[in-house]
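The structure appears right after this line, and notes come after that.
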Amino acid sequence: MNYVSSFFVGGLFCVVGQILIERTRLTPARILVGYVVVGVFLSAVGAYEPLLKFGHSGASVPLTGFGHLLAEGVRKGIAEKGFLGILTGGLTSTAAGITAAIVFSLLASLIFKPKMK
Amino acid sequence: MSRKKLGSGTLQLKTPPVILSSAAMVGKKEKQGPLGEYFDHWQDDEYCGESSFEKAESFLQKEAMKYAFQKAKISEKDLDLVFAGDLLNQCISSNYSLRDSGVQFFGLYGACSTMVEGLILSSMAIDGGFADRCAAVTSSHFCSSERQYRFPLEYGGFRPQSAQWTVTGAGCAVVASEGNGVKINRLCPGAIIDMKITDMANMGAAMAPAAALTLKRFFDDTATGPDDYDLILSGDLGKIGATLLVELLKTDHIYLGENYNDCGCMIFDPKRQDVHSGGSGCGCVASVLCGYILPQMMKKTWKKVLVMGTGALMSPTSIMQGESVPGIAHLVELSAQ
Amino acid sequence: MRSEDYQQLVWKHTPKKPLWKGCLGAFLIGGTICLLGEVFQEIYLALGLEETVASAMESVTLVFCSILLTGFGVYDNLSRVAGAGTLVPITGFANAMSSPVMEFRVEGMVLGIGPKIFSVAGSVIAYGVAASTLYGLIY
């Protein structure tokens with residue numbers, strides 16, 4: 001059941017993105033930024049937690065999930081460190097993904113060369 | 001008073017210069033296209049054995065020049081002037097392909113219209129008596145253009161239906177004051193037209209108004225019409241731009257018929273090759289003209305031909321600052337001897 | 001012709017891909033990526049990892065797969081069919097970081113790769129962090 005809801009919710013997030021690409025003047029980069037900010041917002045108003053409960057990875061894997069993780073990190077940071085947590089919380093909770101992307105990207109640049117399509 | 005100007009801006013050459021030879025060097029995708037068999041040579045490797053795409057593009061230019069010079073039985077030293085250009089910042093492909101030649105050189109930027117711009121300037125230099133032999137050279141490379149104008153090659157971006165595919169290829173034409181070959185009779189330099197197209201992925205639409213203006217000016221100045229030519233060729237308007245050009249000219253009561261075609265639509269097969277609206281880039285008109293049209297004209301397949309180089313004069317910087325894309329179109333009238 | 005009229009003419013002659021086609025590709029491939037993520041998470045949970053660790057490892061695994069596919073030149077081919085389906089998931093974020101890094105390596109490790117690694121992803125991180133900080137201030 002988790003698999004089905006992951007597939008369905010994740011797919012819907014992507015469909016919304018596709019409609020935005022094809023029917024508005026938003027560029028892919030702007031859509032990514034929009035998704036993260038919307039994720040932060042949804043998490044702030046408490047809407048993302050139920051979405052995660054239902055959609056599992058379908059809600060955490062799209063970049064809105066990244067936004068939620070940032071917001072959640074801030075909440076946790078404030079609980080643990082108070083005011084400083086506002087600054088440290090977001091990046092702490094997302095550090096694994098960002099660091100992995102940086103390190104693997106650097107490794108990839110040593111191994112691979114871009115190719116003609 | 002200028003003695004060689006007709007009407008509002010067509011230039012009549014007094015002693016028409018001659019294109020002695022031409023050659024085109026292309027990449028793999030172009031070789032697999034409908035005109036593949038006509039190109040002088042091709043490269044399977046997108047890096048052409050070099051370490052970067054920019055160097056590869058220079059290599060393509062050098063090869064195109066080599067084959068064109070061989071055909072004309074001349075060497076670089078026999079050239080008085082070279083007019084070369086490409087799409088990269090500061091025209092590096094051309095600067096580097098000619099840095100060892102010792103030839104007197106003008107670097108041009110006319111976006112994808114550069115090939116025809118080079119032919120116009122070569123003809124003017126020769127007819128003006130300043131040179132006996134000139135060469136016009138241009139190139140473009142899909143990979144070097146993508147990284148400068150768009151996204152990294154491996155980026156999973158979105159390519160809309162109106163997008164065009166930058167041709168990997170280079171062309172070189174040797175123009176001389178006398179000899180056997182294709183004559184350049186009249187020239188019509190273009191003016192910049194901006195119809196406020198802000199979509200960088202719809203260059204055909206940005207260039208079509210400039211093409212319409214140049215073609216109309218030429219027909220008006222010379223009292224000719226589309227039916228007087230065996231072939232009318234635009235550079236890289238692509239499917240969308242070519243349709244728009246036909247529509248725009250209709251409003252001026254100029255009707256382009258079967259004899260009109262666009263290099264961007266000729267070089268790739270839209271059914272087989274996933275190129276959306278067609279080919280683009282300096283290399284598009286250069287390789288089609290130098291590899292296919294000129295050699296066929298020497299065999300008298302066509303006798304009177306109009307070639308129009310079309311350029312979208314934008315940069316990533318201007319687009320990001322919200323500017324629209326201005327277009328330009330230069331035209332030459334060619335005839336087989 | 002006025003530029004407004006011309007823009008209408010352009011709009012008329014610009015072909016549009018049917019929306020359902022792009023959406024179908026986005027739905028199927030985007031959904032599959034999320035499904036894969038869920039599979040990874042289940043595996044990590046079964047290996048006895050805590051839930052927060054398992055979901056972090058899920059992201060790391062997806063990032064790794066995406067960069068591997070980018071390296072082999074497959075990811076952008078996939079995105080031709082998937083559209084937003086490969087853009088919106090975290091794999092798209094990883095692709096946006098690894099593709100410029102591979103591309104600009106020829107300009108050097110420090111001045112080529114360094115600034116370009118965040119050319120797209122930088123905005124995502126910057127505005128994400130800014131939004132969450134703002135949220136923290138209100139919270």
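The values are calculated or read from the model by the stated rules, or taken from the named source; none is laboratory data. If you're wondering where the values come from, they're calculated on a predicted model, not measured in any experiment. In this analysis, Cβ positions are derived from the backbone assuming ideal geometry, glycine residues included, and neighbour counts consider all displayed protein chains.
Looking at B:Gly291, B:Gly264, B:Gly281, B:Gly309, just one residue is within 24 Å of C:Gln8 (Cα to Cα), buried (at least 19 other Cβ atoms within 10 Å of the Cβ) and modelled with pLDDT of 95 or more, and that residue is B:Gly264. Identify all residues within the stretch C:51-75 that are small (Gly, Ala, Ser), over 14 Å from C:Leu87 (Cα atoms) and within 14 Å of the chain's Cα centre (by Cα); write none if there are none. Matches in the stretch C:51-75: C:Ser59 only. The sole residue among B:Met200, B:Met195, B:Met207 that is outside any strand (DSSP E or B), touching a Pro at 6+ places or on another chain (Cβ under 7 Å) and over 21 Å from B:Lys29 (Cα atoms) is B:Met195. Candidates C:Thr86, C:Thr70: the one that is facing chain A (nearest Cβ under 9 Å), polar (S, T, N, Q) and touching a Leu at 6+ places or on another chain (Cβ under 9 Å) is C:Thr86.
Looking only at the stretch A:49-74, filter to residues that are hydrophobic (A, V, I, L, M, F, W, C) and under 16 Å from C:Thr52 (Cβ atoms); which one of those is surrounded by the most Cβ atoms within 10 Å (Cβ to Cβ)? My answer is A:Val61. Among the residues of the stretch B:285-337, the ones that are of a type in the set (D, E, K, R) and without any contact (Cβ under 8 Å) to a residue 40 or more places away in the chain come to 2 in all.
The condition of being within 24 Å of C:Val120 (Cβ to Cβ), modelled with pLDDT under 95 and more than 9 Å from every other protein chain (Cβ to nearest Cβ) holds for only one of B:Tyr149, B:Tyr155, that being B:Tyr149. Confirm whether B:Val167 is under 21 Å from B:Ile328 (Cα atoms) and either within 14 Å of another protein chain (Cβ to nearest Cβ) or charged (D, E, K, R) (or both). Criteria met by B:Val167. Among the numbered conditions (1) aromatic (Phe, Trp, Tyr); (2) crowded, with 18+ Cβ neighbours inside 10 Å; (3) in a loop (DSSP other than H, G, I, E, B), the only one that B:Phe218 does not meet is (3).
Every residue, every condition in (1) polar (S, T, N, Q); (2) closer than 30 Å to A:Gln18 by Cα; (3) crowded, with 22+ Cβ neighbours inside 10 Å, yes or no:
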site	(1), (2), (3)
B:Arg99	no, no, no
B:Val103	no, no, no
B:Tyr109	no, no, no
B:Gly118	no, no, yes
B:Asp127	no, no, no
B:Arg150	no, yes, no
B:Glu154	no, yes, yes
B:Val167	no, yes, yes
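Considering the stretch A:1-15, the residues that are more than 8 Å from chain C (Cβ to nearest Cβ) and surrounded by fewer than 19 Cβ atoms within 10 Å (Cβ to Cβ) include one that is modelled with the lowest pLDDT, namely A:Met1.
In this structure, does C:Ala46 turn out to be away from chain A (no Cβ under 12 Å) and at pLDDT 95 or above? So C:Ala46 fits the description; yes.
Looking at the stretch A:21-45, I want the residues that are more than 9 Å from chain C (Cβ to nearest Cβ) and have a partner that is surrounded by 18 or more Cβ atoms within 10 Å (Cβ to Cβ) and part of a loop (DSSP other than H, G, I, E, B) with Cβ atoms under 9 Å, at least 6 apart or on another chain. Which pairs are those? Between residues of the stretch A:21-45 that are more than 9 Å from chain C (Cβ to nearest Cβ) and residues that are surrounded by 18 or more Cβ atoms within 10 Å (Cβ to Cβ) and part of a loop (DSSP other than H, G, I, E, B), the close pairs are A:Arg25/B:Asp199; A:Thr27/B:Gly157; A:Thr27/B:Phe158. Tallying residues that are within 7 Å of chain A (Cβ to nearest Cβ) and touching a Phe, Trp or Tyr at 6+ places or on another chain (Cβ under 7 Å) within the stretch C:99-120 yields 2.
The set of residues from the stretch B:233-253 being touching a residue at least 24 places away in the same chain (Cβ under 8 Å) and either closer than 18 Å to B:Val167 by Cβ or out of contact with any helix residue (DSSP H, G or I) (no Cβ under 6 Å at 6 or more places or on another chain) (or both) comprises B:Leu233, B:Ser234, B:Gly235, B:Asp236, B:Leu237, B:Gly238, B:Lys239, B:Ile240, B:Gly241, B:Ala242.
Scanning the stretch C:80-106 for residues being farther than 13 Å from B:Pro152 by Cα and surrounded by fewer than 21 Cβ atoms within 10 Å (Cβ to Cβ) gives a total of 2.
Can you tell me which residue in the stretch B:309-337 is farthest from B:Ala223 (Cα to Cα), limited to those that are outside any strand (DSSP E or B) and hydroxyl-bearing (Ser, Thr, Tyr)? The residue in question is B:Thr317. Please go through the stretch B:173-212 and give me each residue that is under 25 Å from B:Pro17 (Cα atoms) and within 14 Å of chain C (Cβ to nearest Cβ), ordered by number. Scanning the stretch B:173-212 gives a single hit, B:Ala211.
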